[in-house]
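Some notes on the structure that comes next.
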Amino acid sequence: MDVKVNTARLAGRRHVHFDSIDDLLAEIDRIESSEKDGTLETLGNWSAGQILGHLASWIEYGYQGYPMKAPPWVMRLILKWMLKWSLRKGMPAGMKIPGVKEGTYGTEEQSVSVGAKRLREALSRLKLGERCPYESPSFGPMSHKDRIALNLRHAELHLGFIRY
């Protein structure tokens, strides 16, 4: 039985910030290079491939549909407020979606190269301005700019668990 680490209290995470999709793409390059050099390490509960795949999944959901229903309206009000805060300050570690076995979706194990490829492809769609036909069940309608910012904040959170 695997013992899960409480990532909200995990020390040693990197502070990562992305101003643009291009910044994030450069970080993916560094992660792949580090993996090839054998210097890549992760903190927490997921491998680097899982992290990259998770980030890709959440972008892909906007294009393919989300694997969850919208939470109750009271929770959506709270989440809408949290969205504004998260876009400015970043996303907190250790959050879990209630009732979801692993606490979130898109955590399948995969190699770094597969996760990186998926994430690059998903980011390309955002960068090219392709509109997402599916609204976030938690946050509702978002501008394209906010959707990009949310995905950058999400990447900052998770890529902070990768060291190279």
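The values are calculated or read from the model by the stated rules, or taken from the named source; none is laboratory data. In this text, all values refer to a predicted model and were calculated from it rather than measured experimentally. Please note: Cβ atoms are built from the backbone with ideal geometry, for glycine as well, and neighbour counts cover all protein chains shown.
Condition check ((1) closer than 28 Å to Glu130 by Cα; (2) touching a helix residue (DSSP H, G or I) at 6+ places or on another chain (Cβ under 9 Å)) across all residues:
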residue	(1), (2)
Leu24	yes, yes
Ser33	no, no
Gly65	yes, no
Pro71	yes, yes
Ser86	yes, yes
Met95	no, yes
Pro98	no, yes
Ser111	yes, yes
Val114	yes, yes
Of the residues in segment 34-56, those that are part of a helix (DSSP H, G or I), surrounded by 12 or more Cβ atoms within 10 Å (Cβ to Cβ) and either without any contact (Cβ under 8 Å) to a residue 60 or more places away in the chain or acidic (Asp, Glu) (or both) number 1
Residue list for segment 102-141, restricted to those being among the hydrophobic types (A, V, I, L, M, F, W, C), assigned to a loop (DSSP other than H, G, I, E, B), within 22 Å of Leu83 (Cβ to Cβ) and at pLDDT 95 or above | Cys132
State all residues of segment 11-33 that are outside any loop (DSSP other than H, G, I, E, B) and either of a type outside the set (Ser, Thr, Tyr) or touching a Cys at 6+ places or on another chain (Cβ under 9 Å) (or both); if no residue qualifies, say none.
-> Ile21, Asp22, Asp23, Leu24, Leu25, Ala26, Glu27, Ile28, Asp29, Arg30, Ile31, Glu32
Based on what the data block shows, is Val112 β-branched (Val, Ile, Thr), over 16 Å from the mean Cα position of the chain (by Cα) and at negative phi?
-> no
Tell me, please, whether a residue that is crowded, with 18+ Cβ neighbours inside 10 Å, more than 20 Å from Thr42 (Cα to Cα) and of a type in the set (D, E, K, R) can be found in segment 84-106.
-> no
Filtering segment 10-33 down to residues that are surrounded by 17 or more Cβ atoms within 10 Å (Cβ to Cβ) and more than 23 Å from Arg88 (Cα to Cα) yields Ile31, Glu32
Those residues of segment 57-75 which are surrounded by fewer than 17 Cβ atoms within 10 Å (Cβ to Cβ) and of a type outside the set (Ser, Thr, Tyr), in sequence order = Gln64, Gly65, Pro67, Met68, Lys69, Ala70, Pro71, Pro72, Trp73, Val74, Met75
For segment 150-164, does any single residue satisfy the condition of being aromatic (Phe, Trp, Tyr) and in contact with a Ser or Thr (Cβ under 6 Å, 6 or more places away or on another chain)?
-> yes
Quick check: is even one residue across segment 71-84 modelled with pLDDT of 95 or more and within 24 Å of Arg125 (Cβ to Cβ)?
-> no
Residues (exposed (fewer than 15 other Cβ atoms within 10 Å of the Cβ) and not charged (D, E, K, R)) located in segment 115-164 | Ser124, Leu128, Gly129, Pro133, Tyr134, Gly140, Pro141, Ser143, His144
Can you find a residue in segment 60-73 that is small (Gly, Ala, Ser), on the phi < 0 side of the Ramachandran plot and in contact with a Leu (Cβ under 8 Å, 6 or more places away or on another chain)?
-> no
Which residues, counting only those in segment 72-101, are in a loop (DSSP other than H, G, I, E, B) and of a type outside the set (Gly, Ala, Ser)?
-> Pro72, Met91, Pro92, Met95, Lys96, Ile97, Pro98, Val100, Lys101
